[in-house]
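> Sharing a structure here in structure tokens format.
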Amino acid sequence: ETGVTQSPTHLIKTRGQQVTLRCSSQSGHNTVSWYQQALGQGPQFIFQYYREEENGRGNFPPRFSGLQFPNYSSELNVNALELDDSALYLCASSPDEWGKAFFGQGTRLTVV
Amino acid sequence: AQSVTQLDSQVPVFEEAPVELRCNYSSSVSVYLFWYVQYPNQGLQLLLKYLSGSTLVESINGFEAEFNKSQTSFHLRKPSVHISDTAEYFCAAITGANNLFFGTGTRLTVIP
């Protein structure tokens, strides 16, 4: 039990649609990171937020965006969905102590 | 640039036999290394990590890994595996920004 909850657990969307994935972090964890894990691959870093500000971004296009809220929840938004966006999306929350990350169970997104 | 390479995509091993999952990293700066385990349809769980100090780190379930700077390796070992160890194992690194860079994973299958 990591204390990080993601919703929904599964989701099916049509190409071109928009999707919002949600994450509830541990209380007191000021950092949240999002990762995309395609089938058979390792997780790829999308972006990170610290105290509601974007704090780093991986090699993902601008149609991937996020928000972090004061209540330790966060969102990942993806616009204009493409078939290749089908993946497991993982949220990780981290305390200010460096080198720790607690992962949620993930949201499995299928784009058809 | 940094990278993490897991040399074996799949490792089958008989129950109670030893196993080694290989991980090599490439980084021009100090690196901190992790092993995560992912059971089917679940998120990532931290197995062990090397941040500093002793180069041999251990997990509570019998796994260990040794940070070898000269060989740029962080191989994961267990002297005797159990059926319950069947899972996907990911090696990961942090450098600079506090986000994880993952390898492509090794699927460990323990055969009864």
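The values are calculated or read from the model by the stated rules, or taken from the named source; none is laboratory data. The structure displayed is predicted, hence computed values, not measured ones. No Cβ is skipped: glycine too gets one built from the backbone with ideal geometry, and neighbour counts run over all protein chains shown.
> Being surrounded by 15 or more Cβ atoms within 10 Å (Cβ to Cβ) and not in a loop (DSSP other than H, G, I, E, B) is the filter here; which residues of segment A:74-84 pass it?
Of everything in segment A:74-84, those that are surrounded by 15 or more Cβ atoms within 10 Å (Cβ to Cβ) and not in a loop (DSSP other than H, G, I, E, B) turn out to be A:Ser74, A:Glu75, A:Leu76, A:Val78.
Matching residues to (1) at pLDDT below 95; (2) over 14 Å from B:Leu47 (Cα atoms):
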{"residue": "B:Leu76", "(1), (2)": "no, no"}
{"residue": "B:Ile94", "(1), (2)": "yes, yes"}
{"residue": "B:Phe101", "(1), (2)": "yes, yes"}
{"residue": "B:Arg107", "(1), (2)": "no, yes"}
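> Continuing with this model, one more query. Could you look through segment A:45-56, keep only residues that are surrounded by 16 or more Cβ atoms within 10 Å (Cβ to Cβ) and more than 10 Å from the chain's Cα centre (by Cα), and pick out the one that is farthest from the other protein chains (Cβ to nearest Cβ)? Before the answer, list the steps.
Here is the first cut: in segment A:45-56, the residues surrounded by 16 or more Cβ atoms within 10 Å (Cβ to Cβ) are A:45-50, A:55-56.
Narrowing the set further to residues that are more than 10 Å from the chain's Cα centre (by Cα) leaves A:49-50, A:55-56.
Values: A:Tyr49: 11, A:Tyr50: 9, A:Asn55: 8, A:Gly56: 5 Å.
Looking at residues that are surrounded by 16 or more Cβ atoms within 10 Å (Cβ to Cβ) and more than 10 Å from the chain's Cα centre (by Cα), I get A:Tyr49.
> Another one. When the residues of segment A:98-111 are filtered to those that are more than 12 Å from the chain's Cα centre (by Cα) and more than 10 Å from chain B (Cβ to nearest Cβ), which remaining residue is nearest to A:Val4 (Cα to Cα)? Walk me through it before giving the result.
Residues of segment A:98-111 more than 12 Å from the chain's Cα centre (by Cα): A:98-102, A:110-111.
Within this subset, residues satisfying the condition of being more than 10 Å from chain B (Cβ to nearest Cβ) are A:110-111.
Values: A:Thr110: 22, A:Val111: 25 Å.
Here the residue is A:Thr110.
> Mind listing whichever residues of segment A:25-40 are touching a strand residue (DSSP E or B) at 6+ places or on another chain (Cβ under 8 Å), surrounded by fewer than 16 Cβ atoms within 10 Å (Cβ to Cβ) and without any contact (Cβ under 8 Å) to a residue 60 or more places away in the chain? Spell out the reasoning first.
Step one: filter segment A:25-40 for residues touching a strand residue (DSSP E or B) at 6+ places or on another chain (Cβ under 8 Å), giving A:25-26, A:29-39.
Right, trim to surrounded by fewer than 16 Cβ atoms within 10 Å (Cβ to Cβ) and you get A:26, A:38-39.
Within segment A:25-40, A:Ala38, A:Leu39 meet the criteria.
> Out of curiosity, is A:Gly66 crowded, with 20+ Cβ neighbours inside 10 Å, within 14 Å of chain B (Cβ to nearest Cβ) and assigned to a loop (DSSP other than H, G, I, E, B)? Walk me through it before giving the result.
Working: crowded, with 20+ Cβ neighbours inside 10 Å: yes; within 14 Å of chain B (Cβ to nearest Cβ): yes; assigned to a loop (DSSP other than H, G, I, E, B): no.
Answer is no for this residue.
> Follow-up question, since we're still on this one. Can you name every residue in segment B:56-104 that is outside any strand (DSSP E or B) and crowded, with 21+ Cβ neighbours inside 10 Å?
Step one: filter segment B:56-104 for residues outside any strand (DSSP E or B), giving B:59-63, B:69-72, B:79-86, B:96, B:103-104.
Passing the criteria: B:Phe63, B:Val81, B:Gly103.
> Quick test for you: out of B:Thr55, B:Thr5, pick the one residue that is in contact (Cβ under 8 Å) with a residue 12 or more places away in the chain, of a type in the set (S, T, N, Q) and away from chain A (no Cβ under 14 Å).
On the way: B:Thr5 fails: away from chain A (no Cβ under 14 Å).
When all the criteria are applied, what remains is B:Thr55.
> Among the residues of segment B:12-26, is any in contact (Cβ under 8 Å) with a residue 40 or more places away in the chain, assigned to a loop (DSSP other than H, G, I, E, B), within 14 Å of chain A (Cβ to nearest Cβ) and closer than 29 Å to A:Arg57 by Cβ?
Residues of segment B:12-26 in contact (Cβ under 8 Å) with a residue 40 or more places away in the chain: B:12-26.
Add one more test, that the residue is assigned to a loop (DSSP other than H, G, I, E, B), and what stays is B:15-18, B:22-23.
Still in the list and also within 14 Å of chain A (Cβ to nearest Cβ): B:23.
From the residues that got through so far, the ones that are closer than 29 Å to A:Arg57 by Cβ too are B:23.
Yes, segment B:12-26 contains a residue that is in contact (Cβ under 8 Å) with a residue 40 or more places away in the chain, assigned to a loop (DSSP other than H, G, I, E, B), within 14 Å of chain A (Cβ to nearest Cβ) and closer than 29 Å to A:Arg57 by Cβ.
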